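Each remark here refers to the structure printed beneath this line.
None of the figures in this text is laboratory data; all of them are computed from the coordinates on show. If you're wondering where the values come from, they're calculated on a predicted model, not measured in any experiment. Virtual Cβ from ideal backbone geometry, glycine too; neighbours counted across all protein chains shown.
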Amino acid sequence: MKISVIGAGIGGLASASLLASKGHNVSIFEKNSRVGGKMDLYEAEGFRFDTGPSLLTMPYLLEKLFNECGEKLSEHLELIPLSPICRYNYQDGTKFDCFDDRFNTIHEIKKIAPEDAEAYSKFLDYAETIYNKTANAFIYNPLYDFSDFKSLDLFSFFGIDAFSKVSDRIDSYFKSEYLRKFFKRFTTYNGSSPYLAPATLNVIPHVELNQGGFYVDGGMYKIAETLFWLAGTLGVKFHFKAEVTEIRTSNNSVSSIKVNNQIFESDLIIANSDATEIYLNLLPEGSILEKKKVKLQNIEPSCSGFVMLLGVDKQYDELVHHSIFFSEDYEFEFKQIFDQKVMPDDPTIYIANTSYSNTNHAPEGCSNLFILVNAPYLSNEYDWDEKAEEYGSKVITELESRGLKGLSKHIQFKKTITPKDFYKKYLSNKGSIYGTSSNDKFAAFIRPRNKSREINGLYFVGGSTHPGGGIPLVVQSAFNAVNLIERYES
């Protein structure tokens, strides 16, 4: 079959590789000048920044992808466990290093919150239980038709803690605000609020702390580069600076795509671009019901992010590979982001300092700081053109007060990325980073499926579709799409 893939993000690269390995004629059309999508790279003045995901979890899904394409992941990428995984900094000056080894982490907990040392293991056991109940039922299952749902034990839905909130369940386990904030942080990994999302998302700590989190030697963008190589060796054709502006249909089936005023005939189309954008802006008028359009318009996107890339002529002992500086009032921070849709007055600040692990990512004696603050998705409530510079100065001042003394005087290079930039470059729904939010107990069922129900031959992969955002789930979306293609197109 002749298959067109819209977007060369991780989902597009993975699905293209899988389909090409099965003998299909696959072409990828990417609006930007290189692969990776939101897994991106920025280089300037001797500094190298990964501007997308900064940690790899569930690496066995990438290993499965390479195996199915006749390669071994270990021969192309070196995965490095980080120790510590992350350093957490609290407003009162307390620091907490977290490891993927329970013994080491509990040793750290006993220093700051001995009353919660025992609860730590109990909580991770609880998180593992949720994973065991959800993995096959919701993650590795396309959840598309009756054959997918009939194997579900609906009673198990009551066993995955979907009717409690993430924050409430965490508070029931831990007494210390240190541990409460620590575990509530994980919900932001898919762009949701711990005060709104179902406690099912407490599965995320299991994935990182029980299964392990990894950095890729040389930088996370090497994942995208390696998938680019894999797809190329399998015969996938690439078109860059090739924005798809229209999906054409005939008798409710895809027929072609329009790219830079050229038409490319297609038997199947796989969209790695945002599913909401595809449905609302690329399909012919009248191809989906108005009711469906309204539903799509009302899907809540994940949060976005405010990013600064700082090249600094100094190394800070306070920073390890990953560092987080918590706000004082965590709940109010999320109210501002999700309810008021404005930037938080007192933000939690994340820093990835990959020069800590790869010294060649910055000139000698320097640091490459990727700084991220969770931001609301685009709305009329916040004007980025007017406020971006001011907010950036605020973040730098806050970091200086939290231990990075003299930061503003040591900046040699600075670049700012706002939610407007995310939308412009990646056409993500309202500038969101992680696709659809999970601030709903039925999130697993309301995400766009990996196959369109309205248009035959149209499939979806990526963070905006099932099963969700993040490298491993995006790779799984490719497996889901190929599964459905073999089910319906063969």
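Computing FRET efficiency as 1/(1 + (r/R0)^6) for HIS107 and ILE411, where r is the C-beta to C-beta distance and R0 is 51 Å, gives about 0.90. For region 474-490, backbone phi angles converted through the Karplus equation (6.51, -1.76, 1.60; θ = phi - 60°) give residue-by-residue couplings of 5, 4, 5, 4, 5, 4, 4, 4, 5, 4, 6, 4, 5, 6, 10, 10, 8 Hz, Gly and Pro being listed as x. Hey, if you put +1 on the Cβ of every Lys and Arg and -1 on every Asp and Glu Cβ in region 303-426, which of PRO419, LEU310, ILE396 ends up farthest toward the positive end of that dipole? The one lying farthest along the dipole's positive direction is LEU310. Backbone phi angles across region 432-438, fed through the Karplus curve with coefficients 6.51, -1.76 and 1.60 (θ = phi - 60°), yield HN-Hα couplings of 5, 9, 10, x, 8, 6, 10 Hz in residue order; Gly and Pro are listed as x. Over region 385-425, the reciprocal of the mean inverse Cα-Cα separation, the Kirkwood hydrodynamic radius, stands at 11.5 Å.
Across region 18-25, computed HN-Hα scalar couplings (Karplus, 6.51 cos²θ - 1.76 cosθ + 1.60, θ = phi - 60°) run 4, 6, 5, 5, 9, x, 7, 8 Hz from first to last residue, x flagging Gly and Pro. Packing, taken as the mean count of other beta carbons within 10 Å per residue, orders the peptides 332-341, 478-487, 98-107, 72-81 from highest to lowest as 478-487, 332-341, 98-107, 72-81. Taking amide H positions as modeled 1.01 Å from N, with prolines and chain starts lacking one, the residues under 5 Å from ILE28 and 5 or more places away or on another chain are VAL5, LYS237, PHE238, HIS239. Contact order normalised by length for the chain, with contacts defined as Cα pairs under 8 Å and 6 or more residues apart; what percent is it? Rounded, it is 23 percent for the chain.
Here are some values of Cα extents along the principal axes in Å: (1) 67, 48, 45; (2) 71, 56, 47; (3) 64, 55, 48. Which one was computed from this structure? Read-out taken from this structure: (3).
Only helices enter the 222 nm calculation for the chain: every DSSP H run of n ≥ 4 contributes -39,500 (n - 2.57), and dividing by all residues gives -9000 deg cm²/dmol, rounded to 500.
Can you compute the label reach from LYS420? Point 7 Å from Cα along the Cβ direction, backbone N cut-off under 19 Å, restricted to region 381-408. Those under the cut-off are 381-395.
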